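Report on the following structure.
The values are calculated or read from the model by the stated rules, or taken from the named source; none is laboratory data. Because the structure is predicted, anything quoted here is derived from the model rather than measured. Here the Cβ positions follow ideal geometry from the backbone for every residue, glycine too, while neighbour counts run over all protein chains shown. Please note that ligands, DNA and RNA were not included when accessible areas were found on the heavy atoms of the full protein model with its side chains. Shrake-Rupley method; radii C 1.70, N 1.55, O 1.52, S 1.80 Å.
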Amino acid sequence: MMSTVNQRLEQLREVMRREHLVAFIFPSSDPHQSEYVADHWKGREWISGFNGSAGTAVVTLWSAALWTDSRYFLAAEEQLRGTEYQLMKLKIEGTPTIAEWINSQFTMHNSQFATRDVPSTEVAVDGSLMAVGEVRELKAELRHNGGLTLRTNLDPLALIWRQRPPISVAPVEIYPMKFAGEAARDKIARIRKALRAQHADGMLMAALDDIAWTLNLRGTDVHCNPVFVSYLLVSTTAVTLYINKVKLSAAVVDYLKDEGVGVDDYANIAQGLKDYSEYNILIDPAEVNYTLYQAVSNKAMRREGLKTEIVEAESPVKRMKTVKNATEIAGFRSAMLKDGIALVKFLYWLSGYIGKPEISSLTEMAIDRKLTALRSAQPLFRDISFDTIAGYGAHAAIVHYEATADTDIPLQPRGLLLLDSGAQYLDGTTDITRTIALGPLTEEEKRIYTLVLRGHIQIELCKFPSGSSGTQLDILARQYMWREGINYLHGTGHGVGTYLNVHEGPHQFRMEWKPAPLVAGMTITDEPGIYLAGRCGARTENTLLIVPYRETEFGRFLQFESLTLCPIDKAPIVSEMMLPEEIAWLNQYHQRVYDTLAPHLDADERQWLQQATAPLAS
């Protein structure tokens with residue numbers, strides 16, 4: 001792979017020399033600013049060899065670098081080995097920004113050229129793959145760092161990526177009201193009301209999960225995410241879905257017509273924006289790509305007399321989608337029940353190997369296959385919600401580790417297995433992590449496991465005023481770790497969609513300031529972790545529902561309810577480190593897990609679950 005990547009870099013540089021570019025930037029996104037993208041837009045992976053979901057590759061005429069976050073440090077080091085790429089670790093002191101690094105490379109090599117050979121000061125990015133706000137920030141930083149300029153109208157991959165995967169033409173399906181709980185026409189009415197409150201006549205919706213939620217449609221264009229490639233243009237009098245029409249059956253077209261939605265070709269979105277006739281339009285600068293923003297902006301400048309004003313604001317759909325209605329909440333409970341049954345069946349099966357030499361017949365990928373098979377046997381199962389993370393021993397320290405044929409290792413009757421997985425059921429999306437003792441543990445393994453569990457429980461126990469930010473609560477998961485000089489750099493929790501993307505925002509638990517309020521009806525994960533490179537890792541995760549707690553003279557207070565139903569391994573717990581309230585929470589949670597799941601298990605599975613959920617002594 002390393003030689004292939006280096007060959008691709010040379011092909012890219014041929015284009016760059018022809019276009020007089022200093023550098024080209026490859027973000028991880030697609031034209032819809034998706035976290036997970038369809039194969040057609042995995043350009044950053046193609047040019048670098050790094051397949052994580054987050055990262056930016058930058059190629060200059062002389063060198064290459066890749067920026068990613070702590071979830072992927074270890075994986076990126078391995079995947080970039082033997083290539084030109086230098087790993088840039090985000091949020092680590094001393095790591096330069098992209099603009100700083102490009103300028104340093106330009107300054108270093110500029111002096112080596114004769115005056116006539118000095119390259120231009122132009123950097124490029126495909127403007128269709130970067131949001132408006134990101135382009136503006138990048139332009140400003142490039143100007144500040146050496147007076148570099150940014151070009152946004154070039155896609156070199158169109159010239160050098162042979163056999164590039166096409167955009168999917170898989171069919172779109174209607175998401176039934178018995179799962180959605182609200183008709184598309186009613187959601188559109190709510191959206192229009194929210195737009196009026198922001199003095200906007202319409203909006204361009206670009207986020208794929210927002211479009212799927214709004215229209216009560218689902219697709220299979222992105223691995224593990226039931227979305228479809230499209231845009232939605234809303235005005236006061238019309239709603240138009242821009243999509244490859246071959247994806248729509250006659251039944252779906254009729255359904256959309258009944259909901260007041262017209263259809264046009266995906267490639268016509270720029271023309272649709274030019275034809276938009278309202279006074280103004282809302283554009284979310286974090287969601288809409290720069291190329292389409294320019295289409296609106298240029299139109300505004302060209303029009304004579306009345307011009308279309310751009311209202312820059314967050315899409316109102318983001319927060320609407322995060323607050324689940326009663327039908328969606330019931331669906332989550334149903335999905336978690338099915339998921340819990342599958343997980344207990346899996347843990348019971350695995351228990352037959354724990355502590356025994358025979359466990360070496362199992363590998364990380366075998367674990368993944370077994371769990372997926374048990375989930376797929378459950379009613380309404382459609383897919384996994386992300387690629388399973390099954391990391392044994394040192395692999396558990398790689399936050400987003402995904403076993404491959406080259407890295408897959410056998411389990412051993414000792415140490416910790418970190419298993420982070422989830423499923424897509426028609427009635428809900430699941431996300432759960434359990435860290436499992438496979439035999440004797442070291443004192444270090446027990447200590448980090450217990451610190452993680454305590455942080456998890458402290459979030460579960462929290463009571464807080466409605467409207468608090470997840471950033472204000474994040475410290476609860478980290479406080480005991482910080483006292484021992486330990487930290488993790490990923491977020492503590494994220495929203496979860498309703499048979500949609502497993503990562504849903506804008507609310508989350510995170511150290512960095514994220515002002516999105518937490519309100520009743522939201523789902524959010526609770527997943528602190530500790531990762532000791534080359535040794536071990538531990539993470540415990542439940543998906544939570546935010547529910548009312550009480551109302552006092554000081555306002556409304558909220559609390560968390562665990563939706564996830566699965567025992568937490570007690571074997572690694574150092575009970576002397578736990579507070580009485582933490583042990584009490586664990587025992588109460590385990591009692592609920594047993595009471596809920598036991599009726600759906602056979603006699604042997606029930607007996608195992610009874611032992612797994614037996615009270616932990618104070």
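Residues in segment 333-375 that are among the aliphatic types (A, V, I, L, M) and farther than 16 Å from I432 by Cβ: 6 in all.
Conditions (1) open to solvent by 60 Å² or more (accessible area, probe 1.4 Å); (2) assigned to a strand (DSSP E or B); (3) among the acidic types (D, E), marked per residue:
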| position | (1), (2), (3) |
| --- | --- |
| I188 | no, no, no |
| L204 | no, yes, no |
| L232 | no, yes, no |
| V252 | no, no, no |
| E287 | no, no, yes |
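Read through the list (1) in contact with a Pro (Cβ under 7 Å, 6 or more places away or on another chain); (2) surrounded by fewer than 24 Cβ atoms within 10 Å (Cβ to Cβ); (3) not β-branched (V, I, T), then give the number of the only condition that Q508 fails. Q508 satisfies all of (1) in contact with a Pro (Cβ under 7 Å, 6 or more places away or on another chain); (2) surrounded by fewer than 24 Cβ atoms within 10 Å (Cβ to Cβ); (3) not β-branched (V, I, T) except (1). Here T540 meets each of (1) open to solvent by 10 Å² or more (accessible area, probe 1.4 Å); (2) within 27 Å of R414 (Cα to Cα) with one exception, condition (1).
Of E358, E278, which residue is in a loop (DSSP other than H, G, I, E, B) and either within 22 Å of the chain's Cα centre (by Cα) or more than 30 Å from E504 (Cα to Cα) (or both)? Explain how you work it out, then say what you get.
Values: E358 fails: in a loop (DSSP other than H, G, I, E, B).
Among E358, E278, only E278 is in a loop (DSSP other than H, G, I, E, B) and either within 22 Å of the chain's Cα centre (by Cα) or more than 30 Å from E504 (Cα to Cα) (or both).
Would you mind stating whether Q559 is surrounded by 20 or more Cβ atoms within 10 Å (Cβ to Cβ), more than 18 Å from the chain's Cα centre (by Cα) and more than 16 Å from R319 (Cα to Cα)? So Q559 fails the test.
Of all residues in segment 523-537, those satisfying the criterion of being open to solvent by less than 10 Å² (accessible area, probe 1.4 Å) and within 23 Å of V502 (Cβ to Cβ) are T523, I524, T525, D526, P528, G529, I530, G537. If you check D284, D275, D265 for being closer than 30 Å to A184 by Cα, charged (D, E, K, R) and at pLDDT below 95, only one passes: D275. I'd like the residue in segment 385-412 that is open to solvent by less than 30 Å² (accessible area, probe 1.4 Å) and either touching a Phe, Trp or Tyr at 6+ places or on another chain (Cβ under 7 Å) or under 18 Å from W349 (Cβ atoms) (or both) and, out of all such residues, is modelled with the lowest pLDDT. Once the filter is applied, the top-ranked residue is V399. For first residues located in segment 355-378 and within 13 Å of L419 (Cβ to Cβ) and at pLDDT 95 or above, partners that are outside any helix (DSSP H, G or I) and aromatic (F, W, Y) and lie 6+ apart or on another chain with Cβ distances below 7 Å form the pairs L362/Y353; E364/Y392; R375/F381. Of all residues in segment 132-159, those that are under 27 Å from I310 (Cα atoms) and free of Cβ contacts under 8 Å to residues at least 40 places away in the same chain have Cβ atoms under 8 Å from Cβ atoms of residues that are surrounded by fewer than 20 Cβ atoms within 10 Å (Cβ to Cβ) and small (G, A, S), 6 or more apart or on another chain, in D155/S128. Residue count for segment 161-172 satisfying the condition of being of a type outside the set (A, V, I, L, M), at negative phi and surrounded by fewer than 16 Cβ atoms within 10 Å (Cβ to Cβ): 5. If you go through segment 45-79 and keep only what is at pLDDT 95 or above, open to solvent by less than 10 Å² (accessible area, probe 1.4 Å) and part of a helix (DSSP H, G or I), you end up with I47, S48. For segment 332-381, taking the residues that are open to solvent by less than 50 Å² (accessible area, probe 1.4 Å) and of a type in the set (S, T, N, Q), the one that is farthest from S562 (Cα to Cα) is identified as T363. With a requirement of 3 or more residues that are free of Cβ contacts under 8 Å to residues at least 60 places away in the same chain, the strands (runs of 3 or more DSSP E) lying completely within segment 501-618 that satisfy it span 542-552.
Scanning segment 379-410 for residues that are among the β-branched types (V, I, T), touching a residue at least 60 places away in the same chain (Cβ under 8 Å) and not in a loop (DSSP other than H, G, I, E, B) returns a single hit, I384.
When R162 is tested against (1) farther than 23 Å from I281 by Cβ; (2) touching a Leu at 6+ places or on another chain (Cβ under 6 Å); (3) free of Cβ contacts under 8 Å to residues at least 60 places away in the same chain, only condition (2) is not met.
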